[in-house]
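The values are calculated or read from the model by the stated rules, or taken from the named source; none is laboratory data. Source: prediction; values computed, not measured. Virtual Cβ from ideal backbone geometry, glycine too; neighbours counted across all protein chains shown.
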Amino acid sequence: MSFLLIIRIAFALLMARWKQTLVAAIGIAFSITMFITLLGFMGGLNDMLDGLLLNRTPHIRLYNEIKAPETQPVNLLPGYQQHYNFVRSIKPKNERLQIYNIAAVEKALKEDNRVIGFAPKITAQVFYNVGATDLNGLINGIDVAGENKLFLFSDYVVAGNSSDLNTIPNSIILGKGVAEKTFTNIGDIIQVTTSKGESRQLKVVGFFQSGIQEIDKVQSYASLKTTQNLMVETGSYITDLQVKLNDLTQAPAMAKEYEKLFSVDAVDIQTANSQFETGSKVRTLISYAVGITLLIVAGFGIYNILNMMIYEKMDSIAILKATGFSGKDVNRIFLCIALTIGITGGITGLIMGLGLSSVIDQIPFNTPSLPTIKTYPVNYNPYFYIIGGIFALITTYFAGYFPSRKASKMDPVTIIRGK
Amino acid sequence: MSNATVILEARKISKYFHDPLTVQVLNEVSFSVNAGEFIAVIGKSGCGKSTLLYVLSTMDTDYEGNVFLKGENLKGKKDTELAKIRNNSIGFVFQFHYLLNEFTVIKNVMLPGLKKGEFSEKEVEHRAYEKLRILGIQDEALKMPNQLSGGQKQRVAIARALINNPLIIMGDEPTGNLDKKNSDIVFNIFSDLCKDFNQTLLIVTHDMEFAHKTQRIIEMEDGKIISG
C-alpha cells in the first residue's frame, strides 16, 4: 500500500515535469544505444579479424621439427656425466618430417572428447617453374573434406571448386598471388619442382585468397595423395596434424600433453599468435571505456534534473513530511523517479541499440582481402545487452541517490517558516 | 478547561538558535492542552510562538525539555516514528496552503490517509468527501488546486489536516494570507469543529480579533508565556 502510494506520487511528480524527464530518459537511451552499437560493431570487427587468422589456424598443430638431438653421446659417458660438456657445431639428425605411427595418433585423437576434429596435412617446399625462373612456393597437401569442415577452406576458394582437388588427379588450387605472378588461369598446367628435385605438372583447378597477401603469394593447395606423389612418399606420409578443440583456452595445456604422449612437437594457437589476442583485448577495453563514459555523462544529466526537481518541489517535500511521510519515504519517491527514468531510458536504448546494430549489419562492406564478408560485421552478444542494462540501472541509481538523500534530509520547518 | 484530559503537554521547553549568534528563543515554556480546547497563541513577531508550535508538532527535534502527546514522551524518537505520529495524531494548517499541484483536490486530501494505510482507498476517498462536505467545498473535489481561490485552498488544507481524525490540529497563521471574509469563514470552521466534533485546536496567530473569539489565549513574549 505504502509502496504503491510512493510510486503514485513519484509518477505524478514525473508527469508534472515530463519534458525534463523525457530529456533525461533520452540521454540514457542515447548512451545505451551507442554503448550497444559500439560494442556490437567492435565485437563484430574483432571476431572478423580474429576469424581471419583463427578460422584457418589449428588450435594445436602436431609436427616433427628438425633439430639437433638434446643428448649428445659424451653426456652418456660415465666419466663425464657430472660435467658441463660443450659440443660445438651440432648438426641435426637425418630425421624425417613425417609424424611416426600416424594411425595410432589419429585413433587417440578420435577418442579424445576434448577434440572437435583434426585434419592431416603435408607441407612441401616447391618451386613454381615459370619459363626460365623458379618462384619459391609451398604446397599444402590437405584432406579437402576435413579442411572444409574445420577450417572453412572452401570459403577462401574464390574461383573453381575445392572438391575438384579430390576428383581431378594431379590438380592444384593456387594462391591468388601465385596465379598472378605465374600468369596462370584455371585449366592451365603449372610445373612444380620439389626440394628433392622431382618435377610434376599439375592442373590448376581454382584460386584461393586468404586475405593475407604474404600467404597468397606463396602457398597453394593440393590433395594429400597428389602431394604424397609429388614427394615420392607413401600414403602414411603426413607432416602435420591440425587439431581443433572444443575449448580454445585448453590448447596450451593439451599441446604439452600431446607432446609427451605422441613424442612429437606441438604448438598451441596462443603461443603461435599471441599478438592477436592482445589486439582484441585492447580494442574491447577501449569500446567499454567509451561506452561507460557515455553512460556516466547521461547519469550526470539525471542528477541535474533531479536536483532541479527537488528545489522546485521543496514545498511539496515539506508538506509530505509534515503530513506524515518520513525522510525514508521521500528518499524512495525520488529514487523511484530516477529509476523510472533509468529503466525506460535503458530499455529504449537497448531496443534502439539492437536496431542500429542491425542497420549497420546491412551496410555493404566489400573488400578484396575478405572474400567472405559482404556487410559490416556486428556481434549480437547478449552479454553486451546485459551489461548495458545493468549499467543503466546502476548509473541512474547513483544519479538519484544523492539528490534523494538531500531531499530526505530537508528540514520541513525551514521551508515552511521561510514563507 | 473542565473535565480535562490532557492531550498535549510541554514541560520546560527551551530552544536556541545558533546561527549567526546563539539566541535563546524559548525559555522553559511549560503548558498543557486539554481535549476539546480551542487555543490561540499570540505575541509579537519573534517572540517564539511559531518556534514553539514546530517543537510541539514534532517537526523540530532540536530542543531541551519534554513534549508529551497523550502521555507519550516524544523526545528521542526516530524520524520514522515521529512521521507516523504526525500522520496519525496531528493535523497541520499553515499560512500557505501547500497543496500538491500535481494532484486533484480530493487526492490532496486523501494523501495522508493513504499514507496511514488504515482504510482501503475507497474508504479514504469516502472520508475525504465527508471532510470536504463539512467544509462546504465538496463540489471542488475533482478540480486541480490552482483552479481554486485562496480561501478555498485553505479549506482544502484544513480538510487534509482532518483526514486522519487527529488528536489536535495545529495552525501557524492559518488566516495570515486571507482577507476578512475568508478569515471569518476559516474561523467559523475551526469553531464548528471544536463545538460539533470536540476537536482540539492550537492556533498561532497575529490576528487579535481571531484570537479573542477563541476559548483560551496564550500570550508569549521573549520566549516565555506571560499569560494563559
Kindly list the number of the only condition in (1) under 19 Å from B:PHE190 (Cβ atoms); (2) surrounded by fewer than 18 Cβ atoms within 10 Å (Cβ to Cβ) that fails for B:LYS78.
(1)
A:SER369 passes all but one of (1) out of contact with any helix residue (DSSP H, G or I) (no Cβ under 6 Å at 6 or more places or on another chain); (2) more than 22 Å from A:SER31 (Cβ to Cβ); (3) within 14 Å of chain B (Cβ to nearest Cβ); (4) at pLDDT below 85; which number fails?
(3)
Filter segment A:87-125 for residues that are in contact with a Lys or Arg (Cβ under 9 Å, 6 or more places away or on another chain) and either at pLDDT 85 or above or under 26 Å from A:ALA145 (Cα atoms) (or both) and give the result.
A:VAL115, A:ILE116, A:GLY117, A:PHE118, A:ALA119, A:LYS121
For residues that are in a helix (DSSP H, G or I) and without any contact (Cβ under 8 Å) to a residue 24 or more places away in the chain, scanning just segment B:117-129, find the one that is nearest to the other protein chains (Cβ to nearest Cβ).
B:GLU121
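Going by what's in this entry, would B:SER50 be described as surrounded by fewer than 18 Cβ atoms within 10 Å (Cβ to Cβ) and more than 12 Å from A:ALA322 (Cα to Cα)? Give the steps one after another, and end with the answer.
Details: surrounded by fewer than 18 Cβ atoms within 10 Å (Cβ to Cβ): no; more than 12 Å from A:ALA322 (Cα to Cα): yes.
Taking the combined requirement at face value, the residue does not satisfy it.
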The condition from (1) among the aliphatic types (A, V, I, L, M); (2) in a loop (DSSP other than H, G, I, E, B); (3) closer than 29 Å to A:ALA255 by Cα that A:VAL87 misses is numbered (3)
Six or more apart or on different chains, Cβ atoms under 7 Å: show the pairs whose first residue is in segment A:304-331 and under 16 Å from A:PRO403 (Cβ atoms) and whose second is in a loop (DSSP other than H, G, I, E, B) and of a type in the set (D, E, K, R).
A:MET309/A:ARG17
Unique residue being assigned to a loop (DSSP other than H, G, I, E, B) and without any contact (Cβ under 8 Å) to a residue 12 or more places away in the chain when the list is A:GLU95, A:GLU70:
A:GLU70
Hey, among A:ILE343, A:ILE351, A:ILE333, A:ILE319, which residue is under 48 Å from the mean Cα position of the chain (by Cα) and within 14 Å of chain B (Cβ to nearest Cβ)?
A:ILE333
